[in-house]
1. Scan region 145-158 residue by residue and report those that are surrounded by fewer than 20 Cβ atoms within 10 Å (Cβ to Cβ) and under 20 Å from Lys188 (Cα atoms).
2. Considering region 96-121 alone, what residues qualify as being outside any helix (DSSP H, G or I), of a type in the set (A, V, I, L, M) and open to solvent by 70 Å² or more (accessible area, probe 1.4 Å)?
3. If you check every pair at least six apart or on different chains, which have Cβ atoms under 7 Å apart with a residue in region 182-201 that is within 13 Å of Thr132 (Cβ to Cβ) first and a residue that is open to solvent by 60 Å² or more (accessible area, probe 1.4 Å) and modelled with pLDDT under 95 second?
4. Go through region 178-195 residue by residue and tally those that are under 24 Å from Gly54 (Cα atoms), part of a strand (DSSP E or B) and open to solvent by less than 30 Å² (accessible area, probe 1.4 Å).
5. Out of the residues in region 122-144 that are open to solvent by 50 Å² or more (accessible area, probe 1.4 Å) and among the β-branched types (Val, Ile, Thr), state the one that is farthest from His190 (Cα to Cα).
6. How many residues, within region 159-177, are over 19 Å from Val32 (Cα atoms) and either hydroxyl-bearing (Ser, Thr, Tyr) or surrounded by fewer than 17 Cβ atoms within 10 Å (Cβ to Cβ) (or both)?
7. Would you mind stating whether Ala170 is at pLDDT 95 or above, in contact with a Gly (Cβ under 7 Å, 6 or more places away or on another chain), assigned to a strand (DSSP E or B) and under 14 Å from Val57 (Cα atoms)?
8. Here's a check for you: in region 77-95, which residue that is in a helix (DSSP H, G or I) and β-branched (Val, Ile, Thr) is most open to solvent (accessible area, probe 1.4 Å)?
Amino acid sequence: TRPILTSTAWALVPAGGPVESKPAKAESRGPVLSYRQPAKDWVEALPIGNGSLGAMVFGGVPEERIQLNEDTFWSGGPYDPVDPEALAALPVVRQLLWEGRYREAQDLADEKLMGRPRHLQAYQPLGDLRLTMVGHDRPTEYRRELDLDRAVVRIRYRIGRTTFTREVFASAPDQSIVVRLTPEGPAKLHFPATLDSRQPFGLRPLPPNGLLMTGRWRGDLSSADEQLKLSHGLQARWYGDALALAVRMEASARGGRVRVDDKGLRV
């Protein structure tokens, strides 16, 4: 069974220090960052992306987490940042400056001329693709790598007499993130795949081999009157629902079967 998972709709940072860095295989012109263990933290995961979709690949066995981003998914929603009292305050600020009353001018400008709220909305994580590899609790010969020339993350390990390979890349023409899983040996692949998010979300099966996750970012304010006045850290706070999200995943199994229900896919 050689399933291929694609997801259309998922900021990239350097991974932690590599265990080793060496020339890539013949088809690659650049180096490969190589590790002997899965990522424990987000900053250790390996990044891929195509400019609008991004993913951080943790490389876990038997539990894989691929954190997904899409560049238009932010907190909040459309709003007018202009203070309606700004125009009337502008000549007063100018007069205070002319009179040399700089502190008063600064205080009034801070109160009336600044945008509402003081800070902007923040980039948000879209969700996670999760794979649970059944029977892969004790892998050997583990290797996790990022081919910098080909922009492919590869995880390879052995279970008994079978070598399992997991490859992840982002396609710009297809606007998709692709995961390919391949066994070399007598064992077969058997795993569920699902999606989840830190945002409120729901899952819906798309038979025969698809899954749709939809959700909406939700602010934490209890009153709409506070919406353009409060910030938390560098993020403007929000009242109620805001931007919506959608992630679609499909699986194609060569020589195997795919089932789908409201919890996810099973290959």
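1. Arg156, Arg158
2. Listed by number, the residues that qualify are Met114, Leu120.
3. His190/Val134; Phe191/Val134; Thr194/Lys263
4. Taking region 178-195 and keeping what is under 24 Å from Gly54 (Cα atoms), we get 178-182, 191-195.
Right, trim to part of a strand (DSSP E or B) and you get 178-182, 192-195.
Next, from what is left, pick out any that are open to solvent by less than 30 Å² (accessible area, probe 1.4 Å): 178-179, 181-182, 193, 195.
The qualifying residues number 6.
5. Ranking the qualifying residues of region 122-144, first place goes to Thr140.
6. Of the residues in that region, 10 qualify.
7. It is true that Ala170 is at pLDDT 95 or above, in contact with a Gly (Cβ under 7 Å, 6 or more places away or on another chain), assigned to a strand (DSSP E or B) and under 14 Å from Val57 (Cα atoms).
8. Val92
The values are calculated or read from the model by the stated rules, or taken from the named source; none is laboratory data. All values derive from a computational prediction rather than experimental measurement. All Cβ positions, even for glycine, are placed from backbone atoms using ideal geometry, and neighbour counts span all protein chains on display. Surface accessibility is based on the protein's heavy atoms, side chains included, excluding ligands, DNA and RNA. Shrake-Rupley method; radii C 1.70, N 1.55, O 1.52, S 1.80 Å.
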